Amino acid sequence: DDPSAYNWRLYLERLGAERLNERVRPALELLAAIVGAVYLIALLNGVNLVLVRRTARTRELALRASLGASWARILRQLLTEGLVLGCLGGAAAVAAAKLAIEAIARAIPPAFTNSIPFTIAMEQRTLWFVAAAALAAGTLFGLLPAIGVRASAGTGPGTGSVSGGGNIRRVGNGLVTVQIAL
């Protein structure tokens, strides 16, 4: 049997969600779950850092409130800081993904890319997801430090008390536990 005597044909079809077979779907679902867990770990790490930062800034926020800054003004400042942080994180994620895509594209042998034309690119849906996640994380990072600002506003800078310190530590320890579990 001479293999060149056979008439070989190769058919490529776009792999849509409706065309996934039972062998590919579980692997993709597992990959999506792993990516989600890693994102959740990173988000919890950011929340933990913001809570630690809030503890350090409690006196500053109490002082600003005692000097006449309204709660809405303090909240606006914290939300702005959180959104800037979230947007910078989203931009860094997109830049890292772009670099990874370029590295993967360079790693594919030219013989393979010449025989089967394809492109590796980030989809627009992915960019929209990253933008939404960055805005949600930024809002969360901005709102978490605002928790307790009203309660700490009654404690003046000279009282030496920082309200909610024990609660923040407990929440932080809980977040570290969840991160380790994930």
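The values are calculated or read from the model by the stated rules, or taken from the named source; none is laboratory data. In this text the structure is predicted, and so the values were computed from the model without any measurement. Counting neighbours? That spans all protein chains shown, and the Cβs are built from the backbone with ideal geometry, glycine included. Just so you know, the surface numbers come from the protein's heavy atoms only, side chains and all, with ligands and any DNA or RNA stripped out. Shrake-Rupley method; radii C 1.70, N 1.55, O 1.52, S 1.80 Å.
To the nearest 0.05, what FRET efficiency results for Gln179 and Leu67 with a Förster distance of 30 Å applied to their C-beta separation?
Computed FRET efficiency for Gln179 and Leu67: 0.20.
Considering only protein heavy atoms and a 1.4 Å probe, what is the carbon-and-sulfur percentage of the accessible area of the stretch 66-136?
Looking at the stretch 66-136 in its full context, I get 72 percent from C and S.
For the stretch 22-104, which trypsin sites (Lys or Arg not before Pro) pass both filters: DSSP loop (anything but H, G, I, E, B) and at most 11 other C-beta atoms within 10 Å?
Arg23
Assuming 0.36 nm per residue, please report the length gained on full extension of the stretch Leu99 to Ala111 beyond their Cα-Cα distance.
2.1 nm
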